[in-house]
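A short write-up of the structure that comes next.
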Amino acid sequence: MSYTKRQRGVALNGLWGSAGGFASKADVHGDGNYLDALEWLTPNRSIMAQLVFCYFASVIVITAALVVASRNPVYSALSLLVMFFHVAGLYVTLHAEFLAAIHIIVYAGAILVLYLFVVMLLNVKREERFHRQATVAVLLGLVLLGEAFVLSLQKGTQHVFFTPAVQSDTMVAGNTESIGEVLYSAYLFPFEIASLILLVAMIGAVILSKKGLLEPKS
Amino acid sequence: MTFDLALTGSDLLLLLPEILLTLWLCLMVCLDFSMRKITHQNLAYLGIGGVLATLVVLIWFDLTGITGTLFKNMFVLDRLAIFFKIFILLATALVMCSSIDSVRTFRFFKGEYYFLVLMSTLGMMFMASAGDLLSVFVTVEFSTFGFYVLVAYLRDDLRSSEAGLKFFILGVFAAGLLAYGISLVYGETGTLIFSDIAGTSGSYGMTIGFLLIFAALGFKIGAVPFHSWIPDTYQGAPTPVTAFLSIAPKGAAIAILIRMFYVALASFKPMWVLLFIAGSILSMTYGNIVAIAQKNIKRLLAYSGIAQIGNVLIGLAAGTKQGSDAILFYLLTYLFANLGAFAVVIGVSHIIKSDEIEDYSGLNRRSPFLAASMLLFLLSLAGVPPLAGFIGKLYLFVAAIDQELYTLLIFGLINIIISMYYYLIVVKKMYINEPLDPSPLTVSIPLKTVVYVGIAGTLLLGIYPKPFIDWAVSATLMFSNIAGPTAAAGSIFGG
């Protein structure tokens, strides 16, 4: 089974764990061999792995709660952004670098747009928009710094953090290739459906938002 | 292990109905954009032609027994899938036919309406074939996307926009539940394919996962307690969209529910049977009691739809092959009676511009045809012999008796009486009250066609149900070996 499939299993398992549950079983290899997922986090592998996972998971939970809890929509958007970065961090710890990069590019990009929408459309009052900017900036800066630190550590010493359970050929090929490979073969069907969804969404967006239709006809 | 994609011609044949409809859709969009002269009626007839062509292909599949699976069980084409695809396409053809009058009153984007209807249809056809949880998610979202836009189609109508927003928010919430449930099931079992999940042993995570998936699909079928979006959305949406929403997505979601619970979770039957018993009793009772208070015919049909879904869940509560046969047959009877009733509502509201039940007063004087057909459809929905609804309900109750679900049966019978009451209020208004405005109503030809098809279906299924029952029985042959009476359900609800 491909490396990507294994990663997905682990990634989902990780997310499941982050939600506060205890993943009892997970097919981390994707080959029918059920490993105790907690074994993957046990000290004899690496205590660091546990710590990093706990950090990412807890920040994800906290920021996700902040998204709905904050009264200021700008803070909500920012919390969402921080959350996406940490989800991307989880992907990195699972050796899904490509997914992590895509996650940041797609979601952070989208969040930026959402942020602008909030500021422009929701008529957030000027003082609400900018107060306590410094605190947020420092907090975010620290988080991003930590992120960069973790990422740079990953780059050089990935096998210290997490020893891949299976060394497969796709590991050598890199996960971008293996994702591409399964996307266009094993998961071709959902992929094609997704393209149809985009078509519907495109036409729907035009119908719902085209300007100049509601004015009375002259 | 490397993946290879070896699709042969005979594999692609299984996808022929979907591919045909997709190409037809693209043709429609191109024609709509490039030919200024093409009217929306012609586009509608072109779309109906495409649906009928796809129907012919599917009937050919059904007669020659062409079945198979593709993409490692992600796409399953068996008799059950074919049944539901034919069901969905029939509903689509009738809805498109009854839309023509309403689309004429739209101020913009007339052609795109049919495109979106067909796109949703395509999504629901894929739903009927979904054989693993990933394709369940993608196809459910696909079909719902079209509906998000269709519900909010009347942009200058506040009600429609509000309905669209409510539907969208709750729909997205349901999608979130679905995705989370699927991730839990995958985390626990390591597979997404129904037939592989069947071989795994249960765990708490898996239970929570499937409960979440059930909740998300409960939103789609509008079962209590996941029904909150239904009344407002049904009232605000353009009436043909309401008609479509009230039948086709429910059918497709029921197909997924049957497949998921009968294939993937067959060994956990004693547990999920209780879930469906509760859902069925709640939906029937809540829908019927709240329907009594309704003043708007679309809201009345919305609540009646919630109650009808309660009836459908009786079949799943039985959890036997007979139960699934009964569901399939009942959905057929519901298709004709419900779409017929909505066609009458469309016809009336098109002229009197109102959906209030009060305005149906004296409908018999104004249009005996519409009043008589409405009477027939409402009686079928209530389950009066010799109409289709009676046989459908009888079949479901027999399936429940077979499993000794007497409590469920008693609730079902009480609910028939309650539903009779509010259906007959409408009948009384139509036949006994004096009309406020006695001018006669005229019905357009496409709408008349839909009403006639509804009448024909309701009478035919009621008087000569045998071929349709045989069809339903043969569509679920793969469930013949599902476990027999359940000890747990029998002892708790045995009466």
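The values are calculated or read from the model by the stated rules, or taken from the named source; none is laboratory data. These numbers were taken from a predicted model, which means no experiment stands behind them. No Cβ is skipped: glycine too gets one built from the backbone with ideal geometry, and neighbour counts run over all protein chains shown. To get the accessible areas, we keep the full protein, side chains included, count just its heavy atoms, and leave off ligands, DNA and RNA. Shrake-Rupley method; radii C 1.70, N 1.55, O 1.52, S 1.80 Å.
Note on chain B: helix-only mean residue ellipticity at 222 nm, from DSSP H runs of 4+ residues weighted -39500 (n - 2.57) and normalised by residue number, equals -25000 deg cm²/dmol.
The simple spin-label model puts a point 7 Å past each Cα toward its Cβ; for A:L151 and A:V138 those points are separated by 2.4 nm.
Working from Cα pairs under 8 Å separated by at least six residues, relative contact order for region B:268-483 is 30 percent.
The listed residues B:C26, B:C97 rank as B:C26, B:C97 when sorted by accessible area, largest first, using a 1.4 Å probe. Looking at region B:64-111, the pairs of alpha carbons with a distance over 18 Å make up 54% of the total. If only the Cβ of Lys and Arg carry +1 and only the Cβ of Asp and Glu carry -1, the dipole of chain B around its Cα centre is close to 860 debye. Each peptide among B:153-163, B:427-437, B:75-85, B:176-186 gets the average number of other Cβ atoms lying within 10 Å of its residues, and from highest to lowest they stand as B:75-85, B:176-186, B:153-163, B:427-437.
Accessible-area loss of 20 Å² or more (1.4 Å probe, protein heavy atoms, chain alone versus all protein chains) is found in region B:77-110 for B:R107, B:F108, B:F109. For the protein assembly as shown, the carbon plus sulfur part of the accessible surface works out to 71%, probe radius 1.4 Å. Full extension of the chain between B:N481 and B:D437 gives 9.9 nm of extra length, using 0.36 nm per residue less the Cα-Cα distance. Between the amide H of B:S367 and those of B:L441, distances stay under 5 Å, these residues lying 5 or more places away or on another chain, with hydrogens modeled in the peptide plane.
When B:T442, B:T207, B:T285 are compared by accessible area of protein heavy atoms, the largest-first order is B:T442, B:T207, B:T285, using a 1.4 Å probe. Here, P(r) means the percent of Cα pairs in each 10 Å bin from 0 to the largest distance; for region B:1-116 it is 12, 38, 27, 17, 5, 1. Shape analysis of region B:268-483 based on the Cα gyration tensor places the equivalent ellipsoid semi-axes at 33, 19, 12 Å, largest first. Farthest toward the positive end of the dipole of chain B, out of B:F276, B:L13, B:V426, is the Cα of B:V426, where the dipole comes from beta carbon charges about the Cα centre. Ranked by the mean number of other Cβ atoms within 10 Å of their residues, highest first, the peptides B:381-391, B:129-139, B:260-270, A:179-189 come out as B:129-139, B:381-391, B:260-270, A:179-189. With all protein chains in place and ligands, DNA and RNA left out, the 1.4 Å accessible area ranks B:S99, B:S349 as B:S349, B:S99, largest first. Building the convex hull from the alpha-carbon atoms of the protein assembly as shown and averaging its projection over directions returns 33.6 nm².
The mean count of C-beta atoms from other chains within 10 Å of the C-beta of residues in B:142-155, rounded to a whole number, is 4. Across region B:246-259, coupling constants 3J(HN,Hα) worked out from phi with the 6.51/-1.76/1.60 Karplus curve, θ = phi - 60°, read 7, 10, 5, x, 5, x, 5, 5, 5, 4, 5, 4, 4, 5 Hz, and Gly and Pro carry x.
Looking at the P(r) of chain B, how many percent of alpha-carbon pairs lie beyond 35 Å? Of all Cα-Cα distances in chain B, 28 percent exceed 35 Å. With all protein chains kept in place, the per residue accessible area of the protein assembly as shown amounts to 41 square angstrom at a probe of 1.4 angstrom.
Pairs from the table (B:K428/B:K448; B:K250/B:K429; B:K37/B:K85) lying more than 27 angstrom apart at Cα are B:K250/B:K429; B:K37/B:K85. Compute the orientation-averaged projected area for region B:282-355 from the convex hull of its Cα atoms and round it to one decimal in nm². Convex hull of Cα atoms, orientation-averaged projection: 4.9 nm². Taken residue by residue and averaged, Cβ atoms of other chains lying within 10 Å of the Cβ of B:130-136 number 2.
Within 10 Å of the Cβ of each residue in B:199-206, the mean number of Cβ atoms contributed by other protein chains is 3. Once C-alpha pairs closer than 8 Å and six or more residues apart are averaged by separation and normalised to the residue number of chain B, the relative contact order reads 15 percent. The B-A contact accounts for approximately 3800 Å² of buried accessible area, totalled over both chains at a 1.4 Å probe radius.
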